[in-house]
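Engineer: Below you will find the structure I want to go over with you.
The values are calculated or read from the model by the stated rules, or taken from the named source; none is laboratory data. Just so you know, these numbers come straight off a predicted model, no measurement behind them. Cβ sites come from the backbone with ideal geometry, for glycine too, and all protein chains shown count toward neighbours.
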Amino acid sequence: MIGQMLLNFKIIKKLGEGGMGVVYKAEDTKLERMVAIKFLPPEIAAHDEMKKRFKIEAKAAAALNHPNIATIYQIEEAEGELFIVMEYVEGQELRQLVKMLGFIPAHDAIAYAIQIAEGLRAAHEKGVWHRDIKSANVMLTKSGQIKIMDFGLAKLAGQSGASQEGTTMGTVAYMSPEQATAKAVDHRTDIWSFGVVLYEMLCGQLPFQAEYDQAMIYCILNVDPKPITSLQDAGVDGLQLVLDKALAKRPEDRYQEMEEVLTNLRALTGETKTGPIMRAAERHIVGREKELAELQKSLEHAYSGQSLLIGVGGEPGIGKTTLVEQFLDEVTISGRSCLIAQGQCSERLAGTEAYLPFLQVLESLLQKEADIPVANLMREKAPWWYVQVASLSSDDPANTGLLADVRNATQERVKRELAAFLQEISRKRPLVLSFEDLHWADISSIDMLAYLAAQFDAMRLLIVATYRPEELQLTKHPFLQIKPDLLSRGRCREIALGFLPQQEIEHFLKLEFPENTFPKTFARLIHDKTEGSPLFMVDLLQDLKNRNVIVEEDDRWQLVQSVEEIDLGLPDSVKGMIERKIKQLGEDDHRLMVAASVQGFEFDSAVVGKVLEMDEEEVEERLQKLEQDHRFVQFTEEDEFPDRTLTLRYRFVHALYQNELYSSLTRTRRARLSRTAAETLESYYGEKSGKAAAELASLFETARDFEKAVDYLHEAAKQAVGVFAYREAIAQTNRGLDILKTLPESQNRDKRELGLQMTLGSSATAVYGYADKGVRNTYLRIRELIDEGDATREVILSTFGLHSFYLSTLDMQGALDLCHWYLGLADSNEDKTLLFFGQALLGVTLCFIGDFASGLEHFEDAFAAYDPQMDDTLAFVSGQDVVLATWNNYPWNLWLRGFPDQAIQASIQAAELSEKRTDPHVVTHRFVFSAFLNMCLRDAEKVLQLSETNVSISEEHDLPWPLTLGRMHKGWALSQMGKIDEGLKMLHDGLAMFRAMGFETWRQIWHAEMAEVYGKMSQPEKGLELLAESLTVVDKTVHRMWEAELHRIKGELLLLQGEAESEVEACYEKALAVARKQEAKSFELRAAMSLGRLWQSQGKNEQAKELLNKVYNWFTEGFETRDLREAKQLLAELS
């Protein structure tokens, strides 16, 4: 090879040989310069795919242009050889320099390390990782410049035959733990290898010593390097900390970017004014600088009108609260003009108390009047919220109008009010809202977060929420459903906190105990016992101080025992450490904390005092001492109960303390204390005890007063329904039902169960729809519980949902039987409300069967019995408004019977009636049925308008049934307006959703409409498949509402498909016969037009005219509707 020419390169001498090939010095005869040529191994040159990958990698490396990286000039292939032409570096390998000198003095080693770090940073910024950093791959020129060699080659080794998947690559002694175990690697593997090279320079030896590869890998994974001070005088403080962080076993504990390495190395040389590793804060927070910077950056965005939700996630005790409090304190200390308010989600109430954190935030804001009239703005912009948080007397005439105004507020209004209030406040001053423990938040609060995020553009708002990711996952928390969308739209960012690595604990020790003489192994001991948990690290060190294991003498902190002699007296688990902290409490303090734990994570001094029969002032003094000396609890606010009793509100510093104290109680004592706490709260709240329903339910359940627990759960559920928090209501009623199962059978138990089932039925219907089997079971149980002799009208009406289930699942006989049961009760009780109810539902049922004439008669009988005073009774029965439901179903029956104008007028009356309703579940039904009527009338533009309104409301309130129908109506409208593909997709998606929800009733209508669309697309075979499915249902059941249309459209598609005209005519004749039997004049008209057109094409104009004229002349109204206009035009053509 020496002396040979290869292209324009003359080979001069061999420089070296390794696993990635042979390197030669060569002369570039074209450019007259010296170069280095590396010939790749034959197994790569002979493998086409490997060559392709190699060239891609080498090109990426060739794009690097940095003074500390050896430049790649060319990638060539000639005479069967694949080779790289690169910069020829004249100098020596760093490995040779270390071998020659024994070690490199600290000052020079840092200078070289900075250059290596500069080169790696430049490469990482381009997305190129080296993966084989070692002293042999680092050259030092005669001028003192560092050059990193062989970029882009290590990854290739992993793709060659020499290193298969699942094996390691690179030089073992320099491998990171993840690389040594053949796990996925990223740029942080270079950071580890860099640390090895730095250690090697400083100490003259590698940090890990072994005689063979497997032993070396074991050391890398399990052994910590000896401190550099034990091998030589490092000469510069802080180098050990840099090494420890670079050589952290876990990638997430290492430096995350080379920029951080450079910052710390330069700090060691005095190039910056910052400290050697991390800045110190008042709370001595360590390892959280990046997170604090992210929060500050987010605040800057909020100031400029770019509102954000920042999620701070991590394990219990990881320091989420401390981080946020530090950030909030820094904002306060900075003097920047903004308002800060905090809210806490409750573990004990665990998602059952609607809007809890928002209510706390607003209470906090009310205390911050200053130069902003918060109370006035809240009363003006958010009156519903103001009533919830302000202490208003109903006896005060000034409050009468306000209280009446908010009584029937909708969920939509509630959300809109809060957004308007926050927008107005943030216009005057930016807002920072902090929500603690979002994993315990109720679904209504999560829904509110999503709503506010959609309004962020109109605010200057930063929301910081802490949560435990594992709790979110375990409970399938609703925040998980909105988070991906918020993240994708840039409305949310996430900060994930991890445990502190050992070097951060060392840093904390320096800050907390300045001028200490602790040995390095002390930090390791603390880390091993606390696993890097910030909360438990702080508590453990405090414990050692209290026991005089850590003492301060002559202004220096020191250990009075060797590390080996220190007996922490704690088990490895977190629970053990908490138990020791609890044991530090005196007997009286322990008794006080146990009583507090009974009320919950948050507790009241007044309640604790009553539970323990202690003087209130003594309780407050003890709590203050526990906060100051033990950091066991934290004061949150002063408060006042409805009976004017003053209290101090506290919370445990960590929920685990409260859990451990609570679990230490015997069941008997826990029950006794819970009863006292519950009865105390009842006395403080008086007639307003319902405001604490969820908390009282929990306490009475623990106290084993199950009847009271059930009563309060029911009250909490009804309150949730009142603010449309249906899912919370479902959770509370199910919990109450579970408790009832443990009680002996009795009339009282049945009565309580009936109340819970009724609330569950209406809530579950709103969430899951009528066809859900769980909803059916709820209503069947209600019917079982009803004693016809004693049943109240309210109880009887609550079974309405069962009727809806029967219709939705094609159990027409079940629906008919239920209607007759209602009418029998109405007759025996001479109850006009039940009479209206039964007649209306019978009318709907008969229409679904196809007996439209009888159905219309029963509708009219219902209206004859109707009295407007019934509205309140029938306003929300089983998740539906019966009066409005009757008006919604009445118009399309009128249209079918041949009265289009009356149908339109009845629909207008239904719309006017719905304007008085506020419940979104009820309101959306008006849009569903109005769109349905207009679909019958073939008014696509009107259907589109109505469906878009319905979809908007249904999406906002998570109402699946009206949402599905809204999307299907929109799909139909689009298909009629030329957007056939888009419309048909929406129709198919809706049909799939209907199947998933168990709805059968409406399918034949949509099959008919979709079949017509397929006809427009000249795909009759697909339409015929849908019609065949529905006609099978018609043959097997009495559900014949759309039978005539199914036969008519089948004829249209058969004609389009080219089938025999006799077969087409038979379909039209069948449609006519069915329509006449059902007295469905609108369907009869359509069938007559279809048959008339067929006869027209056959030259039977007179016969066609006679047929159509007879039907057309029957109509007395609706001549401007589409069907009648088309009939008139066809008659003119036939004349």
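Engineer: For the stretch 436-456, name all the residues that are farther than 17 Å from Thr475 by Cβ and assigned to a helix (DSSP H, G or I).
Structural biologist: The answer is Met448, Ala450, Tyr451, Leu452, Ala453, Ala454, Phe456.
Engineer: Would you mind finding the one in Leu802, Leu810, Leu842 that is of a type in the set (A, V, I, L, M, F, W, C), under 28 Å from Leu756 (Cα atoms) and in a loop (DSSP other than H, G, I, E, B)?
Structural biologist: Leu810
Engineer: Would you point out the residue of the stretch 500-522, among those that are touching a His at 6+ places or on another chain (Cβ under 9 Å) and among the aliphatic types (A, V, I, L, M), that is surrounded by the most Cβ atoms within 10 Å (Cβ to Cβ)?
Structural biologist: Filtering the stretch 500-522 for residues that are touching a His at 6+ places or on another chain (Cβ under 9 Å) and among the aliphatic types (A, V, I, L, M), the one surrounded by the most Cβ atoms within 10 Å (Cβ to Cβ) comes out as Leu500.
Engineer: Here is a further query. Could you tell me whether Gly990 is in a helix (DSSP H, G or I), under 28 Å from Lys773 (Cα atoms), not assigned by TED's automatic domain parsing to the domain that holds Ala409 and not aliphatic (A, V, I, L, M)?
Structural biologist: The answer is yes for Gly990.
Engineer: Among the residues of the stretch 444-457, what is the count of those that are touching a Gly at 6+ places or on another chain (Cβ under 8 Å) and closer than 22 Å to Pro316 by Cα?
Structural biologist: 0
Engineer: Please find, within the stretch 934-959, the residue that is farthest from Ile443 (Cα to Cα) out of those that are surrounded by fewer than 23 Cβ atoms within 10 Å (Cβ to Cβ) and hydroxyl-bearing (Ser, Thr, Tyr).
Structural biologist: Ranking the candidates gives Thr949 first.
Engineer: If you check Thr742 against the conditions, is it over 30 Å from His803 (Cβ atoms) and either outside any helix (DSSP H, G or I) or modelled with pLDDT under 90 (or both)?
Structural biologist: yes
Engineer: Conditions: (1) buried (at least 23 other Cβ atoms within 10 Å of the Cβ); (2) out of contact with any Gly (no Cβ under 7 Å at 6 or more places or on another chain); (3) assigned to a helix (DSSP H, G or I). Val432 meets all but one. Number of the miss?
Structural biologist: The one condition Val432 does not meet is (3).
Engineer: For the stretch 813-834, give me each residue that is at negative phi and either crowded, with 20+ Cβ neighbours inside 10 Å or part of a loop (DSSP other than H, G, I, E, B) (or both).
Structural biologist: Within the stretch 813-834, Ala815, Leu818, Cys819, Tyr822, Ala826, Asp831, Thr833, Leu834 qualify.
Engineer: If I filter the stretch 1072-1092 for residues that are part of a loop (DSSP other than H, G, I, E, B) and loosely packed, with under 15 Cβ neighbours inside 10 Å, do I get at least one hit?
Structural biologist: Within the stretch 1072-1092 (the criterion being part of a loop (DSSP other than H, G, I, E, B) and loosely packed, with under 15 Cβ neighbours inside 10 Å), the answer is no, since none of the residues qualifies.
Engineer: Now for a separate question. Select, from Ala1073, Ala1080, the only residue that is in contact (Cβ under 8 Å) with a residue 60 or more places away in the chain and within 56 Å of the chain's Cα centre (by Cα).
Structural biologist: From the options Ala1073, Ala1080, the qualifying one is Ala1080.
Engineer: Collect the residues in the stretch 1031-1062 that are under 18 Å from Ser808 (Cα atoms), free of Cβ contacts under 8 Å to residues at least 40 places away in the same chain and not acidic (Asp, Glu), keeping them in residue-number order.
Structural biologist: Leu1031, Thr1032, Val1034, Lys1036, Trp1042
Engineer: Considering only residues that are closer than 26 Å to Arg429 by Cα and out of contact with any strand residue (DSSP E or B) (no Cβ under 7 Å at 6 or more places or on another chain), which ones fall in the stretch 300-324?
Structural biologist: Glu300, Tyr303, Ser304, Gly305, Gln306, Thr322
Engineer: From Arg793, Arg781, Arg752, which residue is within 26 Å of Asp919 (Cβ to Cβ), over 33 Å from the mean Cα position of the chain (by Cα) and buried (at least 21 other Cβ atoms within 10 Å of the Cβ)?
Structural biologist: Arg752
Engineer: Something else about it: Under 9 Å by Cβ, and 6 or more places apart or on different chains, what pairs join a residue from the stretch 257-270 that is under 19 Å from His187 (Cα atoms) with one that is among the aromatic types (Phe, Trp, Tyr) and assigned to a helix (DSSP H, G or I)?
Structural biologist: Once the first residue is under 19 Å from His187 (Cα atoms) and sits in the stretch 257-270, its partners that are among the aromatic types (Phe, Trp, Tyr) and assigned to a helix (DSSP H, G or I) give Met258/Phe194; Val261/Phe194.
Engineer: Give just the number: which of (1) surrounded by fewer than 18 Cβ atoms within 10 Å (Cβ to Cβ); (2) within 13 Å of Glu81 (Cα to Cα) does Ile37 not satisfy?
Structural biologist: Looking at each condition in turn, Ile37 falls short on (1).
Engineer: Could you tell me which of the residues Leu1072, Leu1124, Leu1134 is over 27 Å from Leu810 (Cα atoms) and at pLDDT 95 or above?
Structural biologist: Leu1124
Engineer: Name the residue that is nearest to Gln411 (Cα to Cα), counting only residues in the stretch 745-772 that are among the aliphatic types (A, V, I, L, M) and at pLDDT 90 or above.
Structural biologist: It comes out as Leu760.
Engineer: Related question: Looking at this structure, is Ser488 of a type in the set (Ser, Thr, Tyr), within 27 Å of Ile310 (Cα to Cα) and either without any contact (Cβ under 8 Å) to a residue 24 or more places away in the chain or in the same structural domain as Ser298 (by TED's automatic domain parsing) (or both)?
Structural biologist: yes
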